[in-house]
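Below is one structure, written out as structure tokens, with a few remarks after it.
The values are calculated or read from the model by the stated rules, or taken from the named source; none is laboratory data. None of these values were measured; they are calculated from a predicted model. Backbone-built Cβ (ideal geometry, glycine too); neighbour counts: all protein chains shown.
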Amino acid sequence: MTRDMDPDLIHQNFLSRQSRFSELKEHFIDISGPHVTGEVLESLKEYYSGIIQSKRDKDRVKNIAGLLRILERRDVLRYDSIEPLKEIAKECIRDRILIETLTCYDAEIKTELPLPAINHYKYSAVEGSSQSSSRSQTHAVNFYPNQTSLPVVPYATPSAPTSSGPVSDVQERVFQRLSENLGKYWRDLARFLNVKECEIDAINEKTYLGTKEKAYEALLIFKSRCDSCNWKIKMQQALEKARRKDLAEMINEIMLSDNLF
């Protein structure tokens, strides 16, 4: 992409990247939000206090979404710079799927050419406002006080909580193995698990997710609506309908190894 590229195309490209980034943030907040509260949130605010710089702004942060908004305003968190998300996910949440999702997004965005600097505000509804000047393309200085460190969530779970409770250890192992082996056929299994077509479409539209992560999200939807006592039977029946008896047998092996029969 060159600097003499049509500004309209540059702006459309910018909006597309911003949209993907917004989806990524929502996914991050859904998973981390329930756990980043109380002392954990206060520790994060202290860790990033050198960036926030304002006690008033820091006091206004009541949840992880508020913290991310501050980091965005300070230009530390952007569609092309997600280091804070990666740090928090790795050091605090320790959710493998979330970490892999962020890693995939980061790798993808780094393969894209940087956008030339233009005044994106003139294309939006705030034209003529005090924000009409071009946004700086430089990052704020990352200053982290040496005496603080990122907190660890004491009860990190492998995924966002569902209406039927957290994922058990054996379910996590089954879901991970299935996600790794389903490939592009995850949608077929999701349908046999009675995941709604609109939900499948919504997952598939999350371009920042890889096939494995999309499969895992579909399995979580199934888990949220299934009785904890018969999830295994329903899963095996769905796999057989999808002509994946090999994966149905894999579930038996996992259950046998845990003496759950």
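Suppose the filter is closer than 21 Å to residue 102 by Cα, at pLDDT below 90 and either in contact with a strand residue (DSSP E or B) (Cβ under 9 Å, 6 or more places away or on another chain) or part of a helix (DSSP H, G or I) (or both); does residue 203 pass it? Please lay out each step first, then the result.
Working: closer than 21 Å to residue 102 by Cα: yes; at pLDDT below 90: yes; either in contact with a strand residue (DSSP E or B) (Cβ under 9 Å, 6 or more places away or on another chain) or part of a helix (DSSP H, G or I) (or both): yes.
Yes.
In the range 52-98, how many residues are assigned to a helix (DSSP H, G or I) and of a type in the set (Lys, Arg)? Don't jump to the end; show me each part of the working.
Looking only at the range 52-98, we keep the residues that are assigned to a helix (DSSP H, G or I), and these are 52, 55-60, 64-73, 83-93, 96-98.
From the residues that got through so far, the ones that are of a type in the set (Lys, Arg) too are 55-56, 58, 60, 69, 73, 86, 90, 96.
Residues that pass the stated criteria total 9.
State which residue is surrounded by the fewest Cβ atoms within 10 Å (Cβ to Cβ) when the search covers only the range 245-258 and only residues that are of a type outside the set (Gly, Ala, Ser), closer than 16 Å to residue 230 by Cβ and in contact with a helix residue (DSSP H, G or I) (Cβ under 7 Å, 6 or more places away or on another chain). Break it down stepwise before answering.
Just the residues of the range 245-258 that are of a type outside the set (Gly, Ala, Ser), to begin with: 245-247, 249-256, 258.
When the remaining residues are screened for being closer than 16 Å to residue 230 by Cβ, the result is 251-252, 255.
Next, only the ones that are in contact with a helix residue (DSSP H, G or I) (Cβ under 7 Å, 6 or more places away or on another chain) stay: 251, 255.
Numbers: 251: 19, 255: 16.
The selected residue is 255.
Kindly provide the set of residues from the range 180-200 that are in contact (Cβ under 8 Å) with a residue 40 or more places away in the chain and in a loop (DSSP other than H, G, I, E, B), ordered by number. Let's see the steps before the verdict.
Restricting attention to the range 180-200, the residues satisfying the condition of being in contact (Cβ under 8 Å) with a residue 40 or more places away in the chain are 181-182, 185, 188-189, 192-193.
The answer is 193, and nothing else.
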Next on the checklist: Please verify whether residue 152 is under 20 Å from residue 100 (Cβ atoms) and either hydrophobic (A, V, I, L, M, F, W, C) or modelled with pLDDT under 90 (or both), treating the condition exactly as stated.
Outcome noted: yes
Checklist entry - Could we say that residue 179 is closer than 28 Å to residue 20 by Cα, at pLDDT 90 or above and hydroxyl-bearing (Ser, Thr, Tyr) here? => result yes
Checklist entry - If you scan the range 8-60, which residues turn out to be surrounded by 15 or more Cβ atoms within 10 Å (Cβ to Cβ), in contact (Cβ under 8 Å) with a residue 60 or more places away in the chain and over 19 Å from residue 88 (Cα atoms)? => result 10, 11, 13, 14, 17, 20
Checklist outcome for this item: The correct count of residues that are surrounded by 21 or more Cβ atoms within 10 Å (Cβ to Cβ) and among the charged types (D, E, K, R) in the range 215-244 is 2
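Which ones in the range 1-51 are outside any helix (DSSP H, G or I), small (Gly, Ala, Ser) and in contact with a Phe, Trp or Tyr (Cβ under 8 Å, 6 or more places away or on another chain)? Step through it out loud before you land on a result.
The first filter runs over the range 1-51 and keeps only residues outside any helix (DSSP H, G or I), leaving 1-6, 33-37, 48.
Checking the rest, the ones that are also small (Gly, Ala, Ser) come to 33.
Within the range 1-51, no residue meets the criteria.
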